[in-house]
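The values are calculated or read from the model by the stated rules, or taken from the named source; none is laboratory data. Computed from a prediction, not measured in an experiment: that's the story for all the values here. Glycine gets a Cβ as well: all are built from the backbone with ideal geometry, and neighbour counts include every protein chain shown. Ligands, DNA and RNA are excluded from the accessible area calculation, which covers all protein heavy atoms including side chains. Shrake-Rupley method; radii C 1.70, N 1.55, O 1.52, S 1.80 Å.
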Amino acid sequence: ANYAMHAAAEDKPLKPVGEWNNSRIVVNGDQVEHWLNGAKVVEFERWNDEWENLKNSGKWQDAPDYGSAATGHIVIQDHGNPVSYRNVWVREISGVLRVEVEDDYTCRSPASLGTVRLEG
(Lines give C-alpha, C1' and ligand atoms only; values in the text may rest on other atoms or scores of the structure.)
Protein backbone atom coordinates (compact mmCIF):
# COMPACT_ATOMS: atom_id res chain seq x y z
CA ALA A 1 0.00 0.00 0.00
CA ASN A 2 0.94 3.65 -0.28
CA TYR A 3 0.32 4.59 3.35
CA ALA A 4 -2.91 6.55 3.85
CA MET A 5 -3.26 7.18 0.10
CA HIS A 6 -3.56 4.00 -1.99
CA ALA A 7 -4.89 0.91 -0.23
CA ALA A 8 -3.81 -2.57 -1.23
CA ALA A 9 -6.27 -4.72 -3.17
CA GLU A 10 -8.94 -6.33 -0.97
CA ASP A 11 -8.16 -9.75 -2.45
CA LYS A 12 -4.42 -9.51 -1.83
CA PRO A 13 -2.77 -12.94 -1.44
CA LEU A 14 -1.70 -12.59 2.21
CA LYS A 15 -0.18 -15.69 3.80
CA PRO A 16 -1.31 -16.78 7.28
CA VAL A 17 0.60 -15.94 10.46
CA GLY A 18 3.72 -18.09 10.70
CA GLU A 19 4.40 -18.13 6.94
CA TRP A 20 6.63 -15.67 5.06
CA ASN A 21 5.21 -13.25 2.52
CA ASN A 22 7.25 -12.08 -0.49
CA SER A 23 6.92 -8.39 -1.29
CA ARG A 24 8.36 -6.34 -4.13
CA ILE A 25 8.12 -2.58 -4.70
CA VAL A 26 9.13 -1.39 -8.16
CA VAL A 27 9.70 2.31 -8.86
CA ASN A 28 10.24 3.27 -12.49
CA GLY A 29 10.28 7.05 -12.78
CA ASP A 30 6.91 8.21 -11.47
CA GLN A 31 5.29 4.74 -11.72
CA VAL A 32 5.14 2.65 -8.54
CA GLU A 33 4.01 -0.97 -8.21
CA HIS A 34 3.70 -3.05 -5.05
CA TRP A 35 3.62 -6.83 -5.50
CA LEU A 36 2.70 -9.30 -2.77
CA ASN A 37 3.32 -13.02 -3.23
CA GLY A 38 3.46 -12.60 -7.01
CA ALA A 39 0.30 -10.48 -7.39
CA LYS A 40 0.25 -6.73 -8.04
CA VAL A 41 -1.73 -5.22 -5.14
CA VAL A 42 -1.09 -1.48 -5.66
CA GLU A 43 -0.14 0.64 -8.65
CA PHE A 44 0.00 4.43 -8.76
CA GLU A 45 1.79 7.37 -10.31
CA ARG A 46 3.74 9.68 -7.99
CA TRP A 47 3.18 13.43 -8.10
CA ASN A 48 0.29 13.47 -10.60
CA ASP A 49 -3.00 15.31 -9.90
CA GLU A 50 -4.64 12.26 -8.27
CA TRP A 51 -1.60 11.73 -6.01
CA GLU A 52 -1.55 15.42 -5.00
CA ASN A 53 -5.32 15.40 -4.28
CA LEU A 54 -5.01 12.31 -2.07
CA LYS A 55 -2.04 13.79 -0.23
CA ASN A 56 -3.70 17.16 0.33
CA SER A 57 -7.07 15.79 1.47
CA GLY A 58 -6.03 13.16 3.97
CA LYS A 59 -3.45 12.25 6.59
CA TRP A 60 -0.69 14.24 4.87
CA GLN A 61 -2.58 17.53 4.32
CA ASP A 62 -0.55 19.24 7.06
CA ALA A 63 2.76 17.80 5.81
CA PRO A 64 3.43 19.75 2.59
CA ASP A 65 6.76 18.01 1.91
CA TYR A 66 5.42 14.46 2.33
CA GLY A 67 6.46 12.29 -0.60
CA SER A 68 8.16 15.09 -2.48
CA ALA A 69 11.75 13.84 -2.14
CA ALA A 70 13.33 11.94 -5.03
CA THR A 71 15.93 10.43 -2.67
CA GLY A 72 15.70 9.21 0.89
CA HIS A 73 15.75 6.31 3.28
CA ILE A 74 13.80 3.08 3.40
CA VAL A 75 11.68 2.89 6.55
CA ILE A 76 10.23 -0.39 7.80
CA GLN A 77 7.37 -0.10 10.30
CA ASP A 78 6.18 -2.40 13.03
CA HIS A 79 3.45 -0.29 14.73
CA GLY A 80 4.62 -1.59 18.12
CA ASN A 81 3.81 -5.23 17.39
CA PRO A 82 6.25 -8.14 17.08
CA VAL A 83 7.29 -8.43 13.44
CA SER A 84 10.04 -10.19 11.49
CA TYR A 85 11.72 -9.19 8.23
CA ARG A 86 14.32 -11.15 6.36
CA ASN A 87 16.24 -10.80 3.12
CA VAL A 88 15.52 -7.12 2.51
CA TRP A 89 17.22 -5.98 -0.70
CA VAL A 90 17.37 -2.55 -2.31
CA ARG A 91 18.79 -2.58 -5.80
CA GLU A 92 18.76 -0.50 -8.93
CA ILE A 93 18.43 -2.39 -12.20
CA SER A 94 18.77 -0.36 -15.42
CA GLY A 95 17.39 2.79 -13.80
CA VAL A 96 14.48 0.98 -12.10
CA LEU A 97 14.54 0.86 -8.31
CA ARG A 98 13.38 -2.44 -6.80
CA VAL A 99 12.85 -3.02 -3.10
CA GLU A 100 12.37 -6.72 -2.39
CA VAL A 101 11.72 -8.83 0.66
CA GLU A 102 12.40 -12.42 -0.35
CA ASP A 103 12.50 -15.63 1.62
CA ASP A 104 14.92 -17.68 -0.47
CA TYR A 105 18.22 -15.80 -0.17
CA THR A 106 20.74 -15.30 2.61
CA CYS A 107 20.02 -12.17 4.68
CA ARG A 108 21.95 -9.03 3.89
CA SER A 109 23.12 -6.73 6.64
CA PRO A 110 20.76 -3.82 7.40
CA ALA A 111 23.79 -1.57 6.91
CA SER A 112 23.63 -2.39 3.19
CA LEU A 113 20.30 -0.55 2.83
CA GLY A 114 21.50 3.04 3.30
CA THR A 115 20.19 5.89 1.14
CA VAL A 116 18.64 5.15 -2.22
CA ARG A 117 17.70 7.30 -5.18
CA LEU A 118 14.00 6.98 -5.90
CA GLU A 119 13.85 8.21 -9.48
CA GLY A 120 14.41 6.18 -12.62
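In this structure, is residue 50 surrounded by 13 or more Cβ atoms within 10 Å (Cβ to Cβ) and either charged (D, E, K, R) or farther than 25 Å from residue 94 by Cβ (or both)? The answer is no for residue 50.
Among the residues of segment 70-96, those that are free of Cβ contacts under 8 Å to residues at least 24 places away in the same chain and open to solvent by less than 40 Å² (accessible area, probe 1.4 Å) comprise 87, 89.
Can you confirm whether residue 36 is modelled with pLDDT of 90 or more and open to solvent by 80 Å² or more (accessible area, probe 1.4 Å)? No: the conditions fail for residue 36. In this structure, is residue 32 within 27 Å of residue 86 (Cα to Cα), among the aliphatic types (A, V, I, L, M), touching a strand residue (DSSP E or B) at 6+ places or on another chain (Cβ under 9 Å) and without any contact (Cβ under 8 Å) to a residue 60 or more places away in the chain? In short, yes.
Would you check which residues across segment 10-29 are at pLDDT 90 or above and either surrounded by fewer than 15 Cβ atoms within 10 Å (Cβ to Cβ) or among the small types (Gly, Ala, Ser) (or both) and list them? The answer is 10, 11, 13, 14, 15, 16, 19, 21, 23.
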